[in-house]
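**Q** Before we start, here is the structure in question, set down as structure tokens.
The values are calculated or read from the model by the stated rules, or taken from the named source; none is laboratory data. Keep in mind the model is a prediction, meaning the values are calculated, not measured. FYI the Cβ positions are ideal-geometry reconstructions off the backbone, even for glycines, and counts take in every protein chain you see. These area figures cover heavy atoms from the full protein model, side chains too; ligands, DNA and RNA do not enter into them. Shrake-Rupley method; radii C 1.70, N 1.55, O 1.52, S 1.80 Å.
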Amino acid sequence: MAASPKRVPDLEFTLGTGETRSFADYAGKWLVLYFYPKDSTPGCTRESVAFSELAPQFKRAGAQILGASRDSQRSHQNFTQKQGLAFDLISDTDEAVCNAFGVIQEKTLYGRKYMGIVRSTFLIDPEGHVREVWQPVKVPGHAEAVLEALKQHKKAQ
């Protein structure tokens, strides 16, 4: 298992909207970065919708949300529109962001081994330090747990 970074790497990435961003663009705010295997699959849809439903509460707590997968920009656009997501998705087709956070790992499905994204979430503070890591993630109640952890970290500041 690859180790997650202690600090957010200085990487550029492409959003589903086609815009290029870097993690430096999110400096000064808390960031929830979650990785999921594939757009429009049941678990990934439930997870994304749960974060989207809580997006106003994350915003009030001073945090932005970014989802990331290896899906294309077009796939992300369709997924975002269909689900009405309230945040951007990283289209990590070259796996640079996934590899930087160590989320591509060996998985097994029906006895077959393959390399895939392990559902993971990182809570990143305004200075770019990774404060919490959830890996692997179980979807039910996860977005709520991340919001609660964010509130606890903010209280401790």
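**Q** Among the residues of the stretch 115-128 satisfying the criterion of being assigned to a strand (DSSP E or B) and in contact with a Lys or Arg (Cβ under 6 Å, 6 or more places away or on another chain), which is surrounded by the fewest Cβ atoms within 10 Å (Cβ to Cβ)?
**A** Top of the filtered list is GLY116.
**Q** Right, next: Looking at the stretch 140-152 only, could you name the residues that are at negative phi and open to solvent by 20 Å² or more (accessible area, probe 1.4 Å)?
**A** Correct list: PRO140, GLU144, ALA145, GLU148, LYS151, GLN152.
**Q** Let me ask something additional. So GLY111 clears everything in (1) open to solvent by 60 Å² or more (accessible area, probe 1.4 Å); (2) among the small types (Gly, Ala, Ser); (3) touching a Pro at 6+ places or on another chain (Cβ under 9 Å); (4) over 27 Å from GLY28 (Cβ atoms) except one condition, right? Which one?
**A** (3)
**Q** What number of residues within the stretch 129-139 are in contact (Cβ under 8 Å) with a residue 60 or more places away in the chain and either assigned to a loop (DSSP other than H, G, I, E, B) or open to solvent by less than 10 Å² (accessible area, probe 1.4 Å) (or both)?
**A** Summing the residues that are in contact (Cβ under 8 Å) with a residue 60 or more places away in the chain and either assigned to a loop (DSSP other than H, G, I, E, B) or open to solvent by less than 10 Å² (accessible area, probe 1.4 Å) (or both) in the stretch 129-139 gives 3.
**Q** Shifting gears a bit: What are the pairs, 6+ residues apart or on separate chains, where a residue within the stretch 18-31 that is over 19 Å from ALA149 (Cα atoms) has its Cβ under 6 Å from a residue that is at pLDDT below 95 and of a type in the set (Val, Ile, Thr)?
**A** PHE23/VAL8
A quick yes/no check of all residues on (1) in contact with a strand residue (DSSP E or B) (Cβ under 9 Å, 6 or more places away or on another chain); (2) buried (at least 19 other Cβ atoms within 10 Å of the Cβ); (3) among the small types (Gly, Ala, Ser):
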| residue | (1), (2), (3) |
| --- | --- |
| ARG7 | yes, no, no |
| SER22 | yes, no, yes |
| LYS29 | yes, no, no |
| GLY67 | yes, yes, yes |
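**Q** Right, next: Give the residue, chosen from ALA68, ALA3, that is closer than 20 Å to VAL130 by Cβ, hydrophobic (A, V, I, L, M, F, W, C) and at pLDDT below 95.
**A** Just a single option satisfies the conditions, and that option is ALA3.
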